[in-house]
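What follows draws every value from the coordinates through simple rules; no lab data is involved. If you're wondering where the values come from, they're calculated on a predicted model, not measured in any experiment. Virtual Cβ from ideal backbone geometry, glycine too; neighbours counted across all protein chains shown.
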Amino acid sequence: MNRTLTTDEAALAAPSFISEAASKAEPIAVPSVLFVDQSGQLGGAEFSLLPLAVRWTAHREVLLLSDGPFRQRLESMQVKVHLTLEASVSKINKEALHLNWFFALPGILRQVRAIARHARQFDILFLNTQKALVLGALGKPLHRKKIIWHLHDIMTREHFGFFQRLIVKWITRYAVDHIVANSRASAVSLVDLIKCPPESVPVVHNGVDVDEFSRTDGEDAGTIRQLLGLPDEVHLIGLFGRLAPWKGQHIALEALALLPDMHLVLVGSALFGEQAYVESLRRQATRLGVEQRLHFAGFRDDMPAWMKAVDVILHTSTEPEPFGRVIIEGMAAGRPVIAAAAGGVVEIVRHRKNGWLVPPGNPATLADAIETLRAAPELARRLADQALLDVQQHFSLDAYVARMTDAIIRVAC
Ligand code: UDP
């Protein structure tokens with residue numbers, strides 16, 4: 001099932017572990033992997049799985065528990081996708097877990113069996129989301145494959161209910177062979193929950209294709225401003241990511257109301273049914289009298305161009321962000337980033353060095369930070385330049401894929 005890498009391929013794929021073996025001229029067996037993700041939508045967890053699945057050199061497939069644009073994106077990049085859809089399971093969300101699970105039990109068992117059946121054809125089961133973790137790990141007695149879990153969440157009491165934390169705790173203790181966390185913030189929360197040694201939850205930060213973000217030219221940016229009906233001289237603030245209450249778009253609107261001559265563009269959509277929040281943003285804009293200066297761009301595939309079209313990029317999450325891909329993307333796009341200092345964000349942004357940190361949920365301080373960077377373009381440029389260097393050095397796509405490959409191969413050995 002697995003494929004042996006040539007020495008050259010091995011050195012490229014995973015510098016630390018593989019290249020040690022490659023230097024001893026030993027053949028390295030790359031395991032076949034079944035990647036499992038619960039979402040058909042394109043969120044941060046899915047964007048981090050995408051390059052791993054695309055670049056995996058041995059047999060691999062992605063098994064999705066819901067259909068959507070993520071499937072199309074994977075297939076357009078020649079990754080084979082297998083769908084295992086069970087409507088009753090997809091209805092279970094973290095708020096309604098205790099009410100729904102009993103009715104969903106037959107569906108859950110069907111999905112556990114379906115994943116296990118499929119997993120038998122692979123060496124490793126890579127579980128990318130929490131529902132995938134539960135359903136994939138429950139089937140371990142059936143598939144008997146090694147399991148690696150990519151943790152993308154901060155597992156604290158504030159974010160997850162008692163029951164969900166209990167399930168995660170037992171499953172990770174008894175069925176998961178290896179965990180990789182997307183930030184120290186996520187890792188620490190899991191270590192607290194399952195009471196394991198910190199070294200058993202290693203951290204691999206996400207990476208971005210820096211060239212893709214930095215090569216987009218000014219022409220695209222000009223086109224986007226035309227699309228919004230904005231002249232070049234208007235100071236445009238950008239907030240990127242799905243529209244959801246904890247992403248704090250309402251905080252950005254409050255800040256906009258304090259900055260009378262600026263415009264704000266929200267790039268992203270309500271991916272998980274937060275339509276009521278979108279409506280509340282529109283009402284808030286009217287109430288604040290900023291609707292003429294607020295632009296909803298919807299979900300966009302060309303994030304580099306949109307990021308380059310703005311003068312400053314905001315991150316406004318009101319809860320600690322597990323990682324925040326949009327921040328490293330903004331840094332790669334060469335724009336100054338103002339971010340809410342909590343969770344994984346403080347592992348990326350260094351205040352006044354490569355970006356600007358503000359306390360979460362405070363519109364006045366956010367408005368001050370925006371105004372400060374506008375008034376000091378040289379400072380803003382210096383932060384953006386340092387951010388680009390930092391992202392090249394610490395958050396590159398190649399390093400991310402290499403470290404994840406390393407982790408997966410170690411589990412297989
Ligand atoms: N994204 C996108 N188009 C949009 C909005 C967001 O492609 O219109 C992408 C964005 O570039 C980033 C991801 O969605 O890669 C969001 O990841 P992040 O970690 O910031 O947030 P999450 O969705 O995981 O909470």
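Points worth noting:
- Boolean, Leu373 is surrounded by 20 or more Cβ atoms within 10 Å (Cβ to Cβ), touching a residue at least 60 places away in the same chain (Cβ under 8 Å) and in a helix (DSSP H, G or I): yes
- Per this entry, Ile194 is not counted among residues that are within 16 Å of the ligand (Cβ to nearest atom), among the β-branched types (Val, Ile, Thr) and either within 24 Å of the chain's Cα centre (by Cα) or crowded, with 20+ Cβ neighbours inside 10 Å (or both).
- Within segment 55-87, being farther than 23 Å from Leu271 by Cα and aliphatic (A, V, I, L, M) holds for one residue alone: Ala58.
- Among the residues here, Asp209 qualifies as under 30 Å from Ala402 (Cα atoms), within 16 Å of the ligand (Cβ to nearest atom), surrounded by fewer than 17 Cβ atoms within 10 Å (Cβ to Cβ) and touching a residue at least 12 places away in the same chain (Cβ under 8 Å).
- Filter result (surrounded by 17 or more Cβ atoms within 10 Å (Cβ to Cβ) and assigned to a helix (DSSP H, G or I)) within segment 348-364: Pro363
- When residues in segment 247-270 are screened for being under 20 Å from Glu319 (Cβ atoms), part of a helix (DSSP H, G or I) and not charged (D, E, K, R), 6 of them pass.
Per-residue answers, yes or no, for (1) in a strand (DSSP E or B); (2) in contact (Cβ under 8 Å) with a residue 12 or more places away in the chain:
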{"site": "Glu319", "(1), (2)": "no, yes"}
{"site": "Met331", "(1), (2)": "no, yes"}
{"site": "Ala339", "(1), (2)": "yes, yes"}
{"site": "Ala384", "(1), (2)": "no, yes"}
{"site": "Asp390", "(1), (2)": "no, yes"}
{"site": "Gln393", "(1), (2)": "no, no"}
{"site": "Thr405", "(1), (2)": "no, yes"}
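- Output for segment 175-184, where each listed residue is closer than 22 Å to Ala342 by Cα and either assigned to a helix (DSSP H, G or I) or of a type outside the set (Ser, Thr, Tyr) (or both): Val180, Ala181, Asn182, Arg184
- Residues (more than 28 Å from Ile328 (Cβ to Cβ), of a type in the set (Gly, Ala, Ser) and surrounded by 17 or more Cβ atoms within 10 Å (Cβ to Cβ)) located in segment 159-191: Ala175
- When Arg300 is tested against (1) within 11 Å of the ligand (Cβ to nearest atom); (2) buried (at least 20 other Cβ atoms within 10 Å of the Cβ); (3) among the basic types (Lys, Arg), only condition (2) is not met.
- Within segment 118-141, residues that are touching a residue at least 40 places away in the same chain (Cβ under 8 Å) sit with their Cβ atoms under 8 Å from residues that are of a type in the set (Gly, Ala, Ser) and part of a loop (DSSP other than H, G, I, E, B), at 6+ positions apart or across chains, in these pairs: Ala119/Gly139; Gln121/Ser32; Phe122/Ser32; Asp123/Ser32; Ile124/Ser32; Thr129/Ser39.
- In summary, Ala187 fulfils each of the numbered conditions (1) in a helix (DSSP H, G or I); (2) touching a strand residue (DSSP E or B) at 6+ places or on another chain (Cβ under 6 Å); (3) over 23 Å from Ser317 (Cβ atoms) with the single exception of condition (3).
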